[in-house]
Each structure stands twice: as structure tokens, then as C-alpha cells.
Amino acid sequence: QVQLMESGGGLVQTGGSLRLSCAASGSIFSGNAMGWYRQAPGKQRELVARITSGSSANYADDVRGRFIIFRDSRKNTVYLQMNRLKPEDTAVYYCNAHPAVDVWGKGTLVTVSS
């Protein structure tokens, strides 16, 4: 059974930092690329960052240099370190495999105040 549980969101001021965590079931985590996605109000869900099973990472243009994705295979957990946050980063953040499977967690809300 696929399970994804995101945590770590909250309210932060512009320029602040947050670290998101995602605990994933082994069936989706092991050997797969994982991604962090976000969905802002009124917008479609988008991929923010992706990391392969070998820890090679890719980022969306608007977060590159500010966000860092990494994974801990011992814990089946993927993280997203978010620095220099901007109001436009406000969204619900989700993790999933990449490509995504059709099971999503509840996400974690990140709100960046100006």
C-alpha cells in the first residue's frame, strides 16, 4: 500500500526558511525518483524538485538556488529545504514519485507572508 505523509509546513516571513519532510512507504520510495510538488490557490499542481534514487537532483527554474531536495534511504524519507522563501512560494506541498503515482498524501501548507 502506497503511503505518503508530508510535514513541516507553516507560516514564515519572506526570506525565511522551512524544511519539509515526506515519509513514504517502501513500495514507492525504493529505487524510484521522488519529487516535491506544489499547488498554489487557483493553479495546477507543479513539480518543484526531483531527486533520483542515486540522489541526482533537478529543480524548477523559480526555486533553483533556493531549494534543496535530498533523501534518506534508511528512513524512506525525502526532504525539501526551502531557503529565501518568497510569497509566490505559498502553496500546499506534496511529495510523490516522479513520475507521480495516482496516490497523494494530504500535503503540507506553506504560507509566506510579505
(request) Go over the candidates ASP62, ASP102 one by one and state the one that is under 15 Å from the mean Cα position of the chain (by Cα) and acidic (Asp, Glu). (result) ASP62
(request) State all residues of segment 82-106 that are touching a Gly at 6+ places or on another chain (Cβ under 8 Å), under 18 Å from ARG50 (Cα atoms) and not aromatic (Phe, Trp, Tyr); if no residue qualifies, say none. (result) VAL92, CYS95, ASN96, ALA97, HIS98, ALA100
(message) Suppose the filter is at pLDDT 95 or above and open to solvent by 70 Å² or more (accessible area, probe 1.4 Å); does ASP72 pass it?
(response) no
(message) Let me confirm something: among GLY42, GLY26, which residue is out of contact with any Pro (no Cβ under 9 Å at 6 or more places or on another chain), small (Gly, Ala, Ser) and open to solvent by 80 Å² or more (accessible area, probe 1.4 Å)?
(response) GLY42
(request) Return the pairs, sorted by first residue and then second, in which the second residue is in a loop (DSSP other than H, G, I, E, B), the first residue lies in segment 1-29 and is without any contact (Cβ under 8 Å) to a residue 40 or more places away in the chain, the beta carbons are less than 8 Å apart, and the residues are 6+ apart or on different chains. (result) GLN1/SER25; SER27/GLN1; SER27/VAL2
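The values are calculated or read from the model by the stated rules, or taken from the named source; none is laboratory data. Predicted model, so just to flag it, every value in this text is computed and none were measured. Glycine gets a Cβ as well: all are built from the backbone with ideal geometry, and neighbour counts include every protein chain shown. With ligands, DNA and RNA removed, areas are computed over all heavy atoms of the protein, side chains included. Shrake-Rupley method; radii C 1.70, N 1.55, O 1.52, S 1.80 Å.
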